[in-house]
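For reference, the structure is listed below as structure tokens.
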Amino acid sequence: MKNPKVSVLMPVYNGERYLPEAIDSIINQTMPDFEFIIVLDPSDDDSKNIAESYTDSRIILIKNVVKQGLARSLNQGLLIASGKYVARMDADDISVPERLERQFDFMERNPGIGISGTSVKTIGNHAGMVINHTSDPEMIRSFMLFQPHMTHPTVIMRRSLIEQYNFSYDPTFARAEDYKLWSIYSRLFPLSNLNEVLLFYRLHTENAQKLDFAEHQKFAGLVRLEELSRLGIAATDQEFALHQALSILRFVPSVIFAADCRQWLNKLEKANQNSHYYPEPAFSKSLQYLWIVISRACKITNP
């Protein structure tokens, strides 16, 4: 299909268990004007045969001879995407039938937004949770110091901006390549979210989640260090450990921890007053939100 409305980009590696559901959820979209780029890394299962069994003319298969990994596979797809927009999809998730139609309409109505995501509902482990993110671009930008408030497999991006800024994923930020990218591009143009559940997001077994989480936080921490540096802060090891705990909201509640957090948040606020790196009042609101969460967890009566 020449110049479709949307190019859907999905990397696949050992995805046979859920792959048919993922593919079916895209080819059965209510908006038919798309191309579906599936990038296949060499797998130990039947992923390749499953993908090849589909005869839909909108599907474009890229078959890697050597494993490229997620970031490089995504970059391969970006190079050949021809749609006005590029939408992400993962091989273990399920898009609702109206997803592309709703996201295309949102981007058309909001020409200033460069990248947007959606809300998700979890399936698999801990099924039924709804994850919402703020739609305010300035809040998204401010929260980049802590977490990317976008769910990667839900995003849709303007291809014109991909070409303008030579948009690509950094393979050196394994499992945090999306966070790295959003931290860069949130400084160049607004990011937003459509607050509708348009994707069912799969959580896997506890052991797999723990391994993925540890790997993710290792590289996510590198993004946070970069953000802190741009803010004008060279964090000590102790400060960075505190910042990591704050960012992922994993800590042992105590009055001492709360006091340390209050001091750190004050330091972040003062650094931004000097550097003007993050937009105000959004940045102060993000700090206030974190302090409320910490003070409640630590049972601080006068936050």
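Taking the range 64-106 on its own, how many of its residues are among the aliphatic types (A, V, I, L, M), in a helix (DSSP H, G or I) and closer than 13 Å to residue 154 by Cβ?
Kept after step one, since they are among the aliphatic types (A, V, I, L, M), are these residues of the range 64-106: 65-66, 70-71, 74, 78-81, 86-87, 89, 91, 94, 96, 100.
The next check asks that each one be in a helix (DSSP H, G or I); those that pass are 70-71, 74, 78-80, 100.
Still in the running and closer than 13 Å to residue 154 by Cβ: 100.
Final tally of qualifying residues: 1.
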Testing residue 217 on (1) part of a helix (DSSP H, G or I); (2) under 14 Å from the mean Cα position of the chain (by Cα); (3) within 20 Å of residue 9 (Cβ to Cβ), one condition comes back false. Which one is that? (3)
Could you say whether any residue in the range 125-135 is part of a strand (DSSP E or B) and more than 19 Å from residue 158 (Cβ to Cβ)? yes
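Mind listing just one residue for me: the one in the range 243-261 that is within 13 Å of residue 295 (Cα to Cα) and surrounded by 15 or more Cβ atoms within 10 Å (Cβ to Cβ) and, of those, nearest to the chain's Cα centre (by Cα)?
246
Each row is one residue, and each column tells you yes or no for (1) within 13 Å of the chain's Cα centre (by Cα); (2) over 18 Å from residue 89 (Cα atoms); (3) part of a loop (DSSP other than H, G, I, E, B).
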| site | (1), (2), (3) |
| --- | --- |
| 122 | no, no, no |
| 138 | no, yes, no |
| 145 | no, yes, yes |
| 150 | yes, no, yes |
| 153 | yes, no, no |
| 161 | no, yes, no |
Among the residues of the range 267-282, is there at least one that is touching a Gly at 6+ places or on another chain (Cβ under 9 Å), hydrophobic (A, V, I, L, M, F, W, C) and surrounded by 12 or more Cβ atoms within 10 Å (Cβ to Cβ)? yes
I'm checking my understanding of the structure. Among residues of the range 209-242 that are touching a residue at least 12 places away in the same chain (Cβ under 8 Å) and among the aromatic types (Phe, Trp, Tyr), which one is nearest to residue 290 (Cα to Cα)? 240
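No value in this document is a laboratory result; all are computed from the given coordinates. The model shown is predicted, which means the values in this text are computed figures rather than measured ones. Positions of Cβ are generated from backbone atoms using ideal geometry, with glycine treated the same way; all protein chains shown enter the neighbour counts.
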